[in-house]
1. So between residue 245 and residue 403, what do we pick up on full extension, going 0.36 nm a residue minus the alpha carbon distance?
2. Just list whichever of 45/281; 245/417; 73/281 have alpha carbons separated by over 18 Å in the model shown.
3. Extending each Cα 7 Å along its Cβ direction at residue 101 and residue 87, get the distance between those two points in nm, one decimal.
4. Are there chymotrypsin sites (Phe, Trp or Tyr not before Pro) in the range 268-340 that DSSP marks as loop and that have at most 14 other Cβ atoms within 10 Å, and which are they?
5. So what's the range 322-425 giving for Rg/Rh, alpha carbon basis, Kirkwood Rh from the mean inverse pair distance?
6. What is the order of 288, 355, fewest Cβ neighbours within 10 Å to most?
7. Which order do 343, 401, 118 fall in if you start with the one that has the fewest other Cβ atoms within 10 Å?
8. Return the FRET efficiency for the residue pair residue 71, residue 130: r is the Cβ-Cβ distance, R0 is 41 Å, and the value is rounded to the nearest 0.05.
Amino acid sequence: MAIMLKTDSAIVEMPFPCVFDSIVALYDLQNELYLMHPYTFLLNKYIDLSLLYLDPNFSFSGSIVIQNPLSDKLEKMDEYVNFFMEEEDDTEDDDDELGISEEMDEYFGQLYTMLLEDIRRHPYVIRVTNRSNQLNESFAGLDGVTSDTYKFETEDADEDNLILSFGSTNYDMMDLLMMYEHGDSLTEEEILFSQYKDGNDLYATEKIENVTEGQIHPNKVAKQWIKPTWPGNRVRYRFDTSNSKVITYTKLAMNVWANASNQAIKYCAVKNNFWNRLTYKLGLNWYVRVSTQNKYYSSSNIGFCPWSNMRLGILVDEEYFLSQSVHEMGHVLGLIHEHQRKDRDDYIIVYTNRVPFAFRHNFRKRCFSGNYSEFDFQSVMMYGSYAFMPDTTRPSMTRLDGSKFQGGGDICSDKDKIGIRKLYK
Ligand SMILES: [Zn+2]
């Protein structure tokens, strides 16, 4: 197989591996850099390979490509991400004019495969994977800790499925590399538990309240929704599953929130091609990837962030499927759990010490959120008194007077509607 390679003045036909061999060799020379800056390093490499193919002005002659500053390359890639933004609006007209050709798709497909391989065999990722397996074993005997509390989900043979799942938080492996690159004080435990040893949020209220967006370190906020809302109120999504139940319920949940927002929220499907997957994986193309997990619960990232995932548990009971879908879509739209709001102590008592250690992160107060209405026991984002408790005699949360509560209903409460309308105008 040969790939057409565009250079300054001509289109040269080159066997695919040749191009890669030269570039890869060049990068291998900089092994130290690879370890010091795992994320930027991979970002650079795959941007170079993409630009090499796409942009005749980024001519390929050994190291020239690499000498362009990352900011220039990112700007260039941004143009291409926008140019190739293949989306299907709800007005389904199938206009393929600005599409990606089959040849391009094949090229990006190979880049994508290489990128995944690079990530998989990165020493830091291997370390976290091993560590996560050890933790998994050492916690296996504890109450309420199941074997899938935290683990990498690589065994599903889904090529996109390179995710460390820990409770309700998913870490994409690129995300981990980014944390390693910038997170000077982050230990593996802190990454795995998403908290400091004192149990506080990475951004405890007192530490962050007077800090503006720009001052906060980008690696740590990648999944912490500094900005909960989606640009232009448009949620871009891609189904990475063919499970018809998941697709149906996700669309139902989208409608529930669109209606709740008086149609302020719009959704836009991103096409399932390798360009969109490659640029997503690199953290350059922000949309929510909707997929499944073989579990009794679902999980999502919060708000507009890179590597956003909404994963619906296919073992979830039929009767809870709608509420879980609506709840997860609430996270995607920027909402946190009601019981994690920073004002929650005015309404509830949380018995953190009763909760099995592995689940405690679900009870941390979080400083930023898109929860703009009054505290609401009926919110679809609210859990019940016995959430995460292995036995049902001791609640993890009660009202201030000690009484128990149920948790939210199937769909948005009245206050959820008020809140989402404030968030998405
Ligand atoms: Zn949740």
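Laboratory data are not the source of any read-out in this text; all were calculated from the coordinates shown. All values derive from a computational prediction rather than experimental measurement. In this analysis, Cβ positions are derived from the backbone assuming ideal geometry, glycine residues included, and neighbour counts consider all displayed protein chains.
1. Values: separation 158, 0.36 × 158 = 56.88 nm, distance 3.66 nm.
Taking residue 245 through residue 403 to full extension adds about 53.2 nm, to one decimal.
2. On the way: 45/281 13 Å; 245/417 25 Å; 73/281 16 Å.
Where the Cα-Cα span goes over 18 Å, the pairs concerned are 245/417.
3. That separation, rounded to one decimal, is 2.6 nm.
4. Working: sites: 274, 275, 280, 286, 287, 296, 297, 304, 307, 320, 321; in loops: 286, 287, 296, 297, 304, 307.
Of the chymotrypsin sites (Phe, Trp or Tyr not before Pro), the ones in loops of the range 268-340 whose Cβ has at most 14 other Cβ atoms within 10 Å are 296.
5. Numbers: Rg = 13.2 Å, Rh = 13.9 Å.
So for the range 322-425, dividing Rg by the Kirkwood Rh gives 0.95.
6. Working: 288 28, 355 21.
Arranged by neighbour count, lowest to highest, 288, 355 become 355, 288.
7. Working: 343 11, 401 6, 118 20.
Listed from fewest to most nearby Cβ atoms, that is 401, 343, 118.
8. Values: r = 35 Å, r/R0 = 0.86.
Once the sixth-power term is evaluated, E becomes 0.70.
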